[in-house]
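*Asks:* Before we start, here is the structure in question, set down as C-alpha cells.
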Amino acid sequence: MTGIIDYDAGNVKSVEKALAFLGEEAVLTRDPSVLLAADRVILPGVGSFGDAMEKLKRYGLVEVIRELNERNTPFLGICLGLQLLFESSQESPGVEGLSLLKGKIVRIPEGTGPDGFALKIPHIGWNSLDFPKKGRLFEGLPRESYVYFVHSYYLRADEDIVTATAQYGVTIDASVEKGNLFACQFHPEKSSETGLHILRNFVRIGREDC
C-alpha cells in the first residue's frame, strides 16, 4: 500500500488517480499510524514552501516523515514535496525545511531561452531530462524523456545525489536519490506514459523492500 501525505496541498488527488490507474492501492491520509505502516509514501503538492511547512508541523507530520526516513521506507517527494526535503527556500526566508537532504531552493532567474525569447516564470510545460547518474526511478527510460514542470523555484543540490537534470535558462536538478529517499521537481502524475513509468518504478522499489 502507498501512503499519500494529506497536508492540504494542491495537486494531491492527481497522484492518487495516477496510482489507481496503475492498479496500486493508495491511501490519502495524515494519520501517522497509516503512513508508518505503508510500504511506501509520497509527499506531493504545489504551493508555497512556508505555508506547507506550517501545515506539516500543525498536523504532526514532520516527525512522521523523519521516522519514515530513519526506517528507510521508500519515499518520493514531488514538486513542492521535493523542495520541502531540503533545508530552506528563497521563497520563504527564515523557514526551516525538513533538512533530510542538502541543497538550495532558489528562484529561477529572469533570462532568455535558446530561441531568444524571454523565459516565463513560473516555468510551466514539458522539458526533456538528462541523466548525469541514472537513478532507479528512471530505469527503462531513454535519455531526453519529456516530463511536465510547474514551478518558480528550483533545486541546486550536491551533485552526488542528482539523478536527472533539465535546462530552463539554468540547469535544474530535476530529481534526486539518496538511499530510499527520492524526489522529482517535475510532476510524474502529469507526465503521460513517461510519468507512469516513473511511478511504476517507485512502486516496484517499495515492493522489493517489503
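*Asks:* Label points 7 Å out from Cα along the Cβ direction at K17 and S33: separation in nm?
*Replies:* 3.2 nm
*Asks:* Where does the chain land at 222 nm, in deg cm²/dmol rounded to the nearest 500, when only DSSP H runs of n ≥ 4 count, each adding -39500 (n - 2.57), divided by all residues? All intermediate terms of the calculation are to be shown ahead of the outcome.
*Replies:* Details: 6 runs with 58 residues, N = 210.
One gets -8000 deg cm²/dmol as the mean residue ellipticity at 222 nm.
*Asks:* Out of G81, V41, A166, whose Cα points farthest toward the positive end of the dipole of the chain (charges: +1 Lys, Arg; -1 Asp, Glu; placed on Cβ)?
*Replies:* It is A166.
*Asks:* Listed highest first by mean packing, meaning other Cβ atoms within 10 Å per residue, what order do 20-28, 48-56 come in? Spell out each step's value before the answer.
*Replies:* Numbers: 20-28: 13.9, 48-56: 19.0.
Descending packing order for the listed peptides: 48-56, 20-28.
*Asks:* Given the peptides 182-191, 62-71, 4-13, arrange them by the average over their residues of other C-beta atoms within 10 Å, most packed first.
*Replies:* Working: 182-191: 25.6, 62-71: 16.0, 4-13: 19.4.
The most tightly packed comes first, giving 182-191, 4-13, 62-71.
*Asks:* With charges only on Cβ, +1 for K and R and -1 for D and E, what is the dipole size of the chain about its Cα centre, in debye, rounded to 20? Could the numbers behind the result be given before it?
*Replies:* Working: 23 positive and 29 negative charges, 23 e Å.
That gives the chain a dipole magnitude of about 100 debye.
*Asks:* Moving on to the next point. Can you work out the accessible area per residue across the chain, with the rest of the protein chains kept in place, probe 1.4 Å, in square angstrom?
*Replies:* Here the per-residue accessible area is 45 Å².
*Asks:* Here's a follow-up. What list of ³J(HN,Hα) values in whole Hz, one per residue of segment 148-164 in order, does the Karplus curve 6.51 cos²θ - 1.76 cosθ + 1.60 (θ = phi - 60°) give from phi, with Gly and Pro shown as x?
*Replies:* Working through the residues one at a time gives 9, 10, 8, 6, 10, 10, 9, 9, 10, 10, 4, 5, 6, 9, 7, 10, 8 Hz.
*Asks:* Using the structure shown, list the pairs from K134/K178; K57/K120; K104/K178; K55/K133; K57/K133 with a Cα-Cα distance above 24 Å, or answer none.
*Replies:* Numbers: K134/K178 12 Å; K57/K120 33 Å; K104/K178 16 Å; K55/K133 33 Å; K57/K133 33 Å.
Distance filter (> 24 Å) returns K57/K120; K55/K133; K57/K133.
*Asks:* Calculate what fraction, in whole %, of the accessible area of segment 115-210 sits on carbon and sulfur atoms when a 1.4 Å probe is rolled over the protein chains. If you can, show how the numbers build up before the last one.
*Replies:* Working: 2140 of 4450 Å².
For segment 115-210, the apolar C and S fraction of the accessible surface comes to 48 percent.
The values are calculated or read from the model by the stated rules, or taken from the named source; none is laboratory data. The model shown is predicted, which means the values in this text are computed figures rather than measured ones. Methodologically, a virtual Cβ is constructed for each residue, glycine included, from the backbone with ideal geometry; neighbour enumeration extends over all protein chains shown. Calculation scope for accessible area: heavy atoms of the full protein, side chains included, ligands and nucleic acids excluded. Shrake-Rupley method; radii C 1.70, N 1.55, O 1.52, S 1.80 Å.
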